[in-house]
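Undergrad: Structure provided below as C-alpha cells; questions to follow.
The values are calculated or read from the model by the stated rules, or taken from the named source; none is laboratory data. All values derive from a computational prediction rather than experimental measurement. Here the Cβ positions follow ideal geometry from the backbone for every residue, glycine too, while neighbour counts run over all protein chains shown.
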Amino acid sequence: MSASDPNAQSASDTLDPGAQDYDLGALSGAARAPVPKRPALLDLDRDAVAAFLGDEPRFRTDQVWTAVNEKGQQPGQMSAIPLKLRSRLEEEFPPALTPVTEQRSGDGRTTKWLFELNGGAQVETVLMRYRERATVCVSSQAGCAMACSFCATGQAGFERHLTVAEILEQVHRARTAAEPQRLSNIVFMGMGEPLANLERLFTSIDRITTEIGIGSRKITVSTVGLVPAMERFAEANGQVGLAVSLHAANDELRSELVPLNRRYPIADLMNACQMIRAKTGRRVSFEWAMISGVNDQPGDAKDLIRLARKADAHVNLIPLNDTPGYPTTGSSPQQVKAFAKLLREGGVNVTIRSTMGDDIDAACGQLANRGEQAK
Ligand code: SAH
C-alpha cells in the first residue's frame, strides 16, 4: 500500500492519521477488520481519475468524475462512456459497498441497509423520509471504540474506519432510494465516532457539498465529545452542524455512560462548545438519551439547563432505545415531555427526536450488524 493510498490504514492507525496529537490509547483497540486492498472510484480525487484515464481524451476526466461523484453511478451505468473504458473501470475499481439486506419499517418511512465492505466488515445506513425532507443517517466507522454503555454499536467494539468511498457510497445509495424525494439532509449519527475518522470525514463532507450539492448547513456530525477534534472541526467546517452526545450533566454519571468523559470531562467539553459557538456562530446541539430514573429527574434538568445556557446550545431529547447490552429502559413519553417542559421553562430551546424505524432496529443506538438475525 502506498503512502498516498486513500484507504491506507494499519493496525497502528486505529484513529485518524492526522490525529496523532490526541491518542485515545486504551479506548481504541487496533483495527480488527481488514481494509480494502484497492481504492474504489469514490476514493479518487480528480487528479487520480485523470491519471488513471491517461491517454483518453481530456473531457473523459470530467465525464467520469461527474458520473461517479455527482450522479453516484457505477461503471455499468455510465452510458455515455465507451464500453471498453467502462469495463476497465469495472475491473480496476470494486464497488465500496455490497448490500446484504434492505429492510423497510412497517410505516414505510424508514429503510435500513446492511452493507458489506471490502474485507468483510459490515455497516448499517438508515434513510428516513419525512414529509418535508429526507435524511440519511450515515456510518463513519465499522463498529466503534467509544464503548458508550447504552449504545449497541459501542457494545460491539471497534472494527475499522470507513474509507471516503464507503462513506460517500452510503449517501449516493440513499439518495437514489429516496427518489423522487430529494435527499436533503445528512447526519453522521450511524455507526462509529465520526471525529475519530477526521480526515476522511472532512474529505467526504467536502465532496458532499461540492459534488452532491447538499449544503453544509444540512449536514450534522454527532460526536461523543472528542475535544481536540472538535477544535479542528470548527476550523475546517464552520457551517456544518455539530451535535454533542452529552447525556449527563455531571462527570460521575457521564463517565459511566460515555467512558470518553474520563479523558475529556464536562468542563473541557463545555469550553469546546463555547469556542465553536463563538467561532462559527452556529449553535451546538446537545443530545440527551432519556434513561428512566438515570438522567430524567428534575435535578438532571436543572443541571442540564445550566450547561445548555452556558453553551447557548439547543437540546435534543432522544427516548432511549432498547439494546441487548443495557438493562435500563427509556423514559416514558410522559416523562420525556415533562423533562422537555422543565428545560423550556429554564429558557432552553428543546426538541424531542421522533423515533423512527425501531421496529427494524434502525433507531438511534441500535445499529449493530445483526444482519440476518434482524427482525
Ligand atoms: N459516535 C457519535 C455518533 C453516534 S450515534 C456520538 O456518540 O455522538 C448518535 C446518537 O445516538 C448519539 O447521541 C448516541 O449517544 C445516541 N444513542 C446511542 N445509543 C442510543 C440508544 N440506545 N438510544 C438512544 N440514543 C442512543
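Undergrad: What is the one condition in (1) farther than 20 Å from Gly192 by Cα; (2) among the hydrophobic types (A, V, I, L, M, F, W, C); (3) touching a helix residue (DSSP H, G or I) at 6+ places or on another chain (Cβ under 8 Å) that Ala340 does not satisfy?
TA: It is condition (3) that Ala340 fails.
Undergrad: For residues that are surrounded by fewer than 24 Cβ atoms within 10 Å (Cβ to Cβ) and over 24 Å from Asp358 (Cβ atoms), tally how many sit in the range 176-197.
TA: Going through the range 176-197 one residue at a time, the tally reaches 4.
Undergrad: May I ask you to list the residues in the range 196-223 that are within 16 Å of the ligand (Cβ to nearest atom) and in contact with a His (Cβ under 9 Å, 6 or more places away or on another chain)?
TA: Ala196, Asn197, Arg200
Undergrad: Return the only residue of Leu226, Leu246 being under 19 Å from Ile305 (Cα atoms) and either within 17 Å of the chain's Cα centre (by Cα) or more than 16 Å from the ligand (Cβ to nearest atom) (or both).
TA: Details: Leu226 fails: under 19 Å from Ile305 (Cα atoms).
Within the list Leu226, Leu246, the selection yields Leu246.
Undergrad: Which residues, counting only those in the range 172-195, are within 16 Å of the ligand (Cβ to nearest atom) and in contact (Cβ under 8 Å) with a residue 40 or more places away in the chain? Let's see the steps before the verdict.
TA: Taking the range 172-195 first, the residues within 16 Å of the ligand (Cβ to nearest atom) are 185-195.
Matches in the range 172-195: Asn185, Ile186, Val187, Phe188, Met189, Gly190, Met191, Gly192, Glu193, Pro194.
Undergrad: Also, I was wondering about something else. Within the range 100-115, which residues are within 19 Å of the chain's Cα centre (by Cα) and either among the hydrophobic types (A, V, I, L, M, F, W, C) or not assigned by TED's automatic domain parsing to the domain that holds Leu127 (or both)?
TA: Trp113, Leu114, Phe115
Undergrad: What are the residues in the range 51-88 that are part of a helix (DSSP H, G or I), among the aliphatic types (A, V, I, L, M) and within 25 Å of Ile214 (Cβ to Cβ), if any? Reasoning before the result, please.
TA: Here is the first cut: in the range 51-88, the residues part of a helix (DSSP H, G or I) are 51-53, 59-70, 75-77, 83-88.
Okay, now just the ones that are also among the aliphatic types (A, V, I, L, M), so 51, 53, 64, 67-68, 83, 85.
Val64, Ala67, Val68, listed by residue number.
Undergrad: Then there's this: Please identify the pairs in which a residue from the range 131-158 that is in the same structural domain as Ala243 (by TED's automatic domain parsing) has its Cβ atom under 6 Å from the Cβ atom of a residue that is of a type in the set (Lys, Arg), counting only partners at least 6 apart or on another chain.
TA: Ala142/Arg160
Undergrad: Could you name every one of the strands (runs of 3 or more DSSP E) located completely within the range 205-306 that has at least 3 residues being buried (at least 18 other Cβ atoms within 10 Å of the Cβ) and without any contact (Cβ under 8 Å) to a residue 40 or more places away in the chain? Spell out the reasoning first.
TA: Numbers: elements: 219-223, 241-245, 285-290.
Answer list for the range 205-306: 219-223.
Undergrad: Follow-up question, since we're still on this one. Mind checking which residues of the range 331-365 are buried (at least 21 other Cβ atoms within 10 Å of the Cβ), among the small types (Gly, Ala, Ser) and closer than 22 Å to Ser105 by Cα?
TA: Once the filter is applied, which keeps residues that are buried (at least 21 other Cβ atoms within 10 Å of the Cβ), among the small types (Gly, Ala, Ser) and closer than 22 Å to Ser105 by Cα, the range 331-365 yields Gly357, Ala362, Ala363, Gly365.
Undergrad: Name every residue in the range 310-338 that is within 13 Å of the ligand (Cβ to nearest atom) and part of a loop (DSSP other than H, G, I, E, B), in order of residue number.
TA: Residues of the range 310-338 that are within 13 Å of the ligand (Cβ to nearest atom), as a first pass: 315-331, 336.
Passing the criteria: Leu320, Asn321, Asp322, Thr323, Pro324, Gly325, Tyr326, Pro327, Thr328, Thr329, Ser331.
Undergrad: Within the range 108-119, can you find the residues that are free of Cβ contacts under 8 Å to residues at least 40 places away in the same chain and more than 30 Å from Ala51 (Cα to Cα)? Spell out the reasoning first.
TA: First, the residues of the range 108-119 that are free of Cβ contacts under 8 Å to residues at least 40 places away in the same chain: 108, 116.
Scanning the range 108-119 gives a single hit, Gly108.
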